[in-house]
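I have placed the structure first, in the form of structure tokens, so that the comments after it can refer back to it.
The values are calculated or read from the model by the stated rules, or taken from the named source; none is laboratory data. The shown structure was predicted, so the numbers you read here are calculated from the model rather than taken from an experiment. So basically every Cβ, Gly included, is an ideal-geometry build from the backbone, and we count neighbours across all protein chains shown. These accessible areas exclude ligands, DNA and RNA; they are computed on the full protein's heavy atoms, side chains included. Shrake-Rupley method; radii C 1.70, N 1.55, O 1.52, S 1.80 Å.
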Amino acid sequence: MEMISKKELLQITQISYGQLYRWKREGLIPDEWFIRQSVASGQETYFYKEQILPRIETILSLKDRYSHEEIKQFLNPNAKDRRFTISEAVLIKGIDPFILRIYAQEKSDLTLYDLVVVYFFSNNQTLLDINNYLSVDFKQIASLDQFFYLVKDYSGKTYLIIAGEDAVFDPQLTVLKKQALSDISGLIAQELK
Amino acid sequence: MNDCKIYGAGAVSGGTYREVSIAGSGKIKGEITAESFSVSGSAKALDNLDVKTLKVSGSFSAEKNVKAEDIKIAGSLAVKENLSSAKAHISGSLKVGKEANVDDFFLKSSNSEIAALHGDNVTIKREMAIFFSKKHNLIEEIEATTIDIEYVKAKRVSGDNVTIGQGCIIDTVEYRDKITVSKEAKIDNIVKLG
């Protein structure tokens, strides 16, 4: 994965040290994402580009409408108390009402995790059929720190795997797509309100 | 929620409290969460501290992390690992073993030691009580939006608006928008950030 230095990050995103460190302090950016490395001039902090850039974009797009505490609820793996009604969920751009209806058959309200799952299925319909996953209990995903991996096996069949950041797969499987759950929850947050 | 008060000498076990106050000398043996935590005298925490307000007149040392919203110290605060707070006003001395991440940071001191100081507004002034002293605050790295410092010895100072006052000895200063340097400061490299 490509890395980016803190200085480059501030330059690209036009945020200040103050913003970066406040978001870190408030848990909007996890401490582990700040990676210290030795360089010729001492120590420098680096980030994984594909992790930090979408996160900053999400925070910037939400910060005027939500409090930091609310943003944290969308991004933080432990904040999952909010419930959504089906009629609220159907208004979210990127959520397919048909997929939502299949998924939510016996549910009266949905958690943020449910919305993230429906969103992912909605946007990958050519590769994934939600009907094959109806028996899966997605409540088991207890964390938005996880990633969706869309993988293809040797026979060309595609599967959804939910795993951590550094998951390693059998070489017979090809990873077609990798997306952080927290990226999707950030997109959903932008659609609400 | 309970309050916990120590007058004289005593020990507190970990837990969640509304108010913890120590007048005299106290030892905190477990992880503490509290609305307010105050020490007049001396206290030592063996585990993490997560409080809204931390007030110390005297000395307080923490073996692990300290997390707060508002910190006021007259005396000394020593944190072995990380210190984080929205605000901190410290006069006396501050020691932080790893990172101090404070939005609004004000320090009046001449013998503080911090590994990395990060925040939004950082102000460091010399403690005037010690005349003719050549002592410095030793801070490896400072990164903040606005920086205004005196008597700091640092490897690297980086910010948008940077004011380097008298008595500073700094290897590299980086700035984005504006820099002001006192004639009585010594800086090896000044770098304008893009």
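The figures follow:
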{"quantity": "Once exposed loop GluC sites (Glu not before Pro) are cut out (DSSP; at most 14 other Cβ, 10 Å), longest piece of chain A", "calculated": "A:3-105"}
{"quantity": "Listed residues A:Ala163, A:Phe121, A:Tyr17: farthest to the positive end of the dipole of chain A (Cβ charges)", "calculated": "A:Tyr17"}
{"quantity": "Average partner coverage of A:9-19, which counts Cβ from other chains inside 10 Å", "calculated": "4"}
{"quantity": "Electrostatic dipole magnitude of region B:82-194 [Cβ: Lys, Arg +1; Asp, Glu -1; Cα centre; debye, to 20]", "calculated": "400 debye"}
{"quantity": "Relative contact order, percent, region B:82-194 [alpha-carbon distance under 8 Å, six or more residues apart]", "calculated": "16 percent"}
{"quantity": "Other-chain or far-sequence residues with amide H under 5 Å of B:Ile169's (modelled H)", "calculated": "B:Val152, B:Lys153, B:Ala154, B:Lys186"}
{"quantity": "Neighbourhood net charge (14 Å Cβ-Cβ; Lys/Arg +1, Asp/Glu -1) for B:Thr123", "calculated": "-2"}
{"quantity": "Calculated over chain B: convex hull of Cα atoms, volume per residue (Å³)", "calculated": "91 Å³"}
{"quantity": "Cα-based shape type of region B:1-69, given that a ≥ b ≥ c are square roots of the gyration tensor eigenvalues and the cut on a/c is 1.5", "calculated": "rounded"}
{"quantity": "Electrostatic dipole magnitude of the protein assembly as shown [Cβ: Lys, Arg +1; Asp, Glu -1; Cα centre; debye, to 20]", "calculated": "1020 debye"}
{"quantity": "Under Karplus coefficients 6.51, -1.76 and 1.60, residue-wise ³J(HN,Hα) of region B:178-188 in Hz, glycine/proline x", "calculated": "8, 9, 10, 10, 6, 5, 9, 10, 10, 10, 6"}
{"quantity": "Residue-by-residue Karplus 3J(HN,Hα) for region B:67-81, coefficients 6.51, -1.76, 1.60, Hz, glycine and proline x", "calculated": "10, 8, 9, 9, 10, 10, 10, 10, x, 9, 10, 10, 10, 5, 10"}
{"quantity": "Percent carbon-and-sulfur accessible area, region A:141-184, ignoring ligands, DNA and RNA, probe 1.4 Å", "calculated": "51 percent"}
{"quantity": "Computed Rg/Rh of region B:107-185, alpha carbon atoms with Kirkwood Rh", "calculated": "0.94"}
{"quantity": "Compactness index (Cα Rg / 2.2 N^0.38 Å), the protein assembly as shown", "calculated": "1.17"}
{"quantity": "FRET E, pair A:Gln105, A:Phe169, Förster distance 25 Å, beta-carbon r, rounded to 0.05", "calculated": "0.20"}
{"quantity": "Area projected by the alpha carbon convex hull of region A:125-183, averaged over all directions, nm²", "calculated": "4.5 nm²"}
{"quantity": "Proximal lysine pairs, region A:103-182, alpha carbons under 19 Å, eight or more residues apart or interchain", "calculated": "5"}
{"quantity": "Residue-averaged beta-carbon neighbours from other chains (10 angstrom radius) around A:26-34", "calculated": "1"}
{"quantity": "Distance from region B:114-188 to region A:116-193 (C-alpha centre basis), Å", "calculated": "48 Å"}
{"quantity": "Sequence ranges B:157-163, A:156-162, B:183-189, ranked by mean other-Cβ count within 10 angstrom, highest first", "calculated": "B:157-163, A:156-162, B:183-189"}
{"quantity": "Computed P(r) (all Cα pairs; chain A; 5 Å bins; percent)", "calculated": "1, 7, 15, 18, 19, 15, 12, 8, 4, 2, 1, 0"}
{"quantity": "Where the protein assembly as shown is the region considered: accessible area per residue in Å², 1.4 Å probe", "calculated": "48 Å²"}
{"quantity": "Set of aspartates and glutamates near B:Lys178 by C-alpha distance (under 14 Å), chain-local residues within fewer than 8 positions excluded", "calculated": "B:Asp148, B:Asp160"}
{"quantity": "Listed residues B:Thr180, B:Ser158, B:Gly92: farthest to the positive end of the dipole of region B:82-194 (Cβ charges)", "calculated": "B:Gly92"}
